[in-house]
1. Provide the convex hull volume over Cα atoms per residue for the range 45-105, in Å³.
2. For Tyr61, list long-range residues whose amide hydrogen, built 1.01 Å from N in the peptide plane, is under 5 Å from its own amide hydrogen.
3. What is the set of long-range amide H partners of Val92 at a cut-off below 5 Å, with H atoms built 1.01 Å from backbone N?
4. Which whole-Hz ³J(HN,Hα) couplings does the range 96-105 yield from phi under the Karplus relation 6.51 cos²θ - 1.76 cosθ + 1.60, θ = phi - 60°, glycine and proline marked x?
5. For Gln52, what residues show an amide H to amide H distance below 5 Å, using hydrogens built from the backbone and excluding near sequence neighbours?
Amino acid sequence: MKRISMLAAALCLTLAAPAYADHGTGKGKGGHKGHPHGMPPGQAKKIWNKGQVLPREYRAYVVRQYAAYDLYAPRQGYVWVRVDRDAYLTAVATGMILDVVRGLF
């Protein structure tokens with residue numbers, strides 16, 4: 001009987017305990033390091049710079065009406081790509097970033 005009551009008490013404490021999230025240290029539940037603003041890893045906004053390679057999954061959002069956004073015409077082999085609010089001039093073959101316009105959209 002004592003064993004059952006102890007098990008029931010432990011179960012109640014486990015279910016009643018609040019989820020742990022310490023935003024001051026950037027460590028979330030279980031003490032794992034996460035995003036300092038509480039975003040899970042991999043969900044933070046990604047920002048790339050000139051000379052880096054834009055991942056293939058982001059290259060599908062090609063800006064075809066670049067003049068409407070005051071972007072200059074890309075030279076042959078390059079396209080403007082939209083990622084969130086930014087525009088990246090990338091090489092079609094490699095994804096190498098030639099130019100970046102932040103906060104355009």
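No value in this document is a laboratory result; all are computed from the given coordinates. Note that this is a predicted model, so its numbers are computed, not measured.
1. Spread over its residues, the Cα hull of the range 45-105 gives 74 Å³ apiece.
2. So Tyr61 has HN proximity to Arg82.
3. Under 5 Å from the amide H of Val92 lie the amide H atoms of Tyr78, Val79, each far enough along the sequence or on another chain.
4. Result, rounded to whole Hz: 5, 8, 9, 8, 9, 10, 8, x, 6, 9.
5. Ile97
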